[in-house]
Every structure is written in C-alpha cells, then in structure tokens.
Amino acid sequence: MSRKMSRVLFAWALFSLFSCTKTNPEKTDVVNLAIWGNYFSESEQKKFTESTGIKLNITNYSSNEELLARVQMGASGVDIAVPSDYMVGIMKKLDLLEPLDKKQIPNQKKLSKNLLKRDFDPENAYSLPFSWTTTGIAIQRELFKGKITSLKEFFENPALKGKIAVLDDARESLAAVNKVLGYSVNSTNANELKQVKEYFLKNRPQVKIFASDTVEILKNKEVFAAQSYSSDALQARRATNGKVDFLIPSEGSTIAIDNFVIFKTSKNKANAHRLIDYMLETDHNKSLVEAQMIGPVISDVKQKLSPELQSDEALFPKQTQLKRLEELKDLGPDNKLIEDIWMEIKNQ
C-alpha cells in the first residue's frame, strides 16, 4: 500500500470517528440536579466530577411546592431532584417521574431498610432516600439567653417579638402551629385550620423573617430564634463555634425523608442513575453527613462517624423525641386550603 493511500485511509478513519461522535445525541457528560440549599457543597460537586468525568450542574429550591411548580412549568434541563416524602407521591400521581433502573444503582442494597417502602412509594419504584432531617427550633445564644422548650414559647414569648424567623414553607410553618394547638400536621379539618390561621395571625408580630435558608441568618445574628431544619441549624452551630442550639419542641414537629427522583423529561438518565449510585457509596454518604449534618441513609454509616457525632441528639434524636415527630402527607385537593391560608398570613 502506498503512503498516499495510507494517508487517505487514515484521514477517512478520522472523519468517520469525529462524525459519529458529533451526531450521537445520547453521549453526554453532564447531569442537572435540583436540590435544597445547603445540601451539596462545592467540594462534593468537584469530587463527583473528578471521580466520574460528569459535570454536575446544581440549582436550588426553597420548598417542595417551588420545585413542583418549576417542573410543571417545564423547567428545562432538570434531570434529577431531591423532593421530600409527600412530594414524591404527588409527582408520581402527576406522571412526572421516570421509573428507576435498579440495575444501574447497585449501592441501593446498602440503604437502611427503615427508610424504604414508605407510603409515598411502597416499592421504591420511583425514589430512593438521599437523607433525613427533622424540623425544630434553632436559638442564637449570643442574642437570647432565655429558655425555650416549646413552639408555644417560640410564638408567644414577648422577648422574641419581631425577632424570630419562620420557614418560608406553607406545610412546615402551618405544621408548627398545628402542633401548638394539639392537631396533626396533616390536618384538613376546616375548624382546626381556621384556628391555625387565627393563631398565626394573632402572633404574626413575632415574625421578623420568612426564610428558607436559616444558616446565614443565624450566623449573622439577624434573629434570636428560628424554625429550622436540623441540618441548617447544625451547620450554623458549627459556623458559630457552638453559639447556636437546636431542639425538637415539646409538642413535637416534623421529620422528612428527602429522596432522589429522575424526571421523565431528563435527557441524561444514565448520568442521573450514576449520580444516585455515587451518592449511595458508604464513604460518600458518610462525607455528606459530616459536611451537611443530615441524617445518613446507608445502614452502617452512623457507626463510622466520630463518637461526638454519634452521640449528638440534634443529629440523632432519642426514640422518645422521634415518637413526637410526624411526616407530612399529600393532602390532595386540600393542599390549596393550606396555600391560601399561608398567602393570607404572609401578606399581613
């Protein structure tokens, strides 16, 4: 074969290679994740990309309802998200979710059994747990030295007037008042909801801020106390060298399991499955707990944590505390009642 012919064949081979690469729409190196704020650090994002070669794009949302609205409005580019338990059920009903291919997620076998087969997805056909958190009261001890043990004190203590933050989340905020009044966080009783609204409006002057992210406002001493997710409060505690306390109120509160889901509209389903499997590695789940202070989902992670974290009741509540916690449920058409009450309260 002549050198000229060899060069022609080599050039044709290169042309064929680049042409195939260019026209293959399935070959991607990206995955787009929508997730709660303070749940995924830049260092964790970098580690995933370095380990897999997949670029991870992250956007945040402040409530499950915000995420749902974005998806229903056709938010382009979101492949995977981490909604809370009840929202998984809503998204299933709306046919927004892609069934998970468990063969692509071998690490799902490591998950704690008590976090699986929940009412919102009994077979875990569409979701797998990412983390769990509780909701309670965070106290900025540099600003407030007084005693708080209950939501009633949080909403009614004159020393806290105009100095508290309430979560900018209809379900969580109204759940707190339901607990004060002795009702279920999932109440749809018209008389009970009327009392919830009246109580909140009466004590509305207590509230300085409606906030979805309580880490910064606690760090910056913007409020004396805040209704807060445990992960946010514990991150603020670390950032202030222990100046923030977190407690589960005596009336009880909520507990949430946040779950990976993949949307039917995803253009990067293989990479989305790769991200889930990566995050369910034991070492990665352990790192996530240590960095973000969220509850672990892999069965043997707790015993691998430092003794200090293992004994931290803010991170791992006692059974007596856990019994006072409820999961938020899908309220169906009654969700609109909650949203209407919430908008009336916020607009005061």
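Quick note: the coordinates plus some simple rules give every number you see, no bench work behind them. Bear in mind the structure is a predicted one, so any value in this text is a computation, not a measurement. Positions of Cβ are generated from backbone atoms using ideal geometry, with glycine treated the same way; all protein chains shown enter the neighbour counts.
Structure values in brief
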{"read-out": "Single residue of Leu193, Leu234, Leu174, Leu201 found to be surrounded by 20 or more Cβ atoms within 10 Å (Cβ to Cβ) and more than 27 Å from Pro317 (Cα to Cα)", "value": "Leu193"}
{"read-out": "Those helices (runs of 4 or more DSSP H) lying entirely in region 163-230 with at least 2 residues under 22 Å from the mean Cα position of the chain (by Cα) and either under 18 Å from Lys152 (Cα atoms) or among the hydroxyl-bearing types (Ser, Thr, Tyr) (or both)", "value": "170-180"}
{"read-out": "Count of region 116-142 residues which are of a type outside the set (Asp, Glu), more than 20 Å from Ser230 (Cβ to Cβ) and surrounded by fewer than 18 Cβ atoms within 10 Å (Cβ to Cβ)", "value": "4"}
{"read-out": "Filtered residue count, region 62-103, keeping only those that are among the β-branched types (Val, Ile, Thr) and within 15 Å of the chain's Cα centre (by Cα)", "value": "3"}
{"read-out": "All positions within region 44-66 that are under 28 Å from Asp169 (Cα atoms) and either in contact with a strand residue (DSSP E or B) (Cβ under 8 Å, 6 or more places away or on another chain) or touching a residue at least 12 places away in the same chain (Cβ under 8 Å) (or both)", "value": "Glu44, Gln45, Leu56, Asn57, Ile58, Thr59, Asn60, Tyr61, Ser62, Ser63, Asn64, Glu65"}
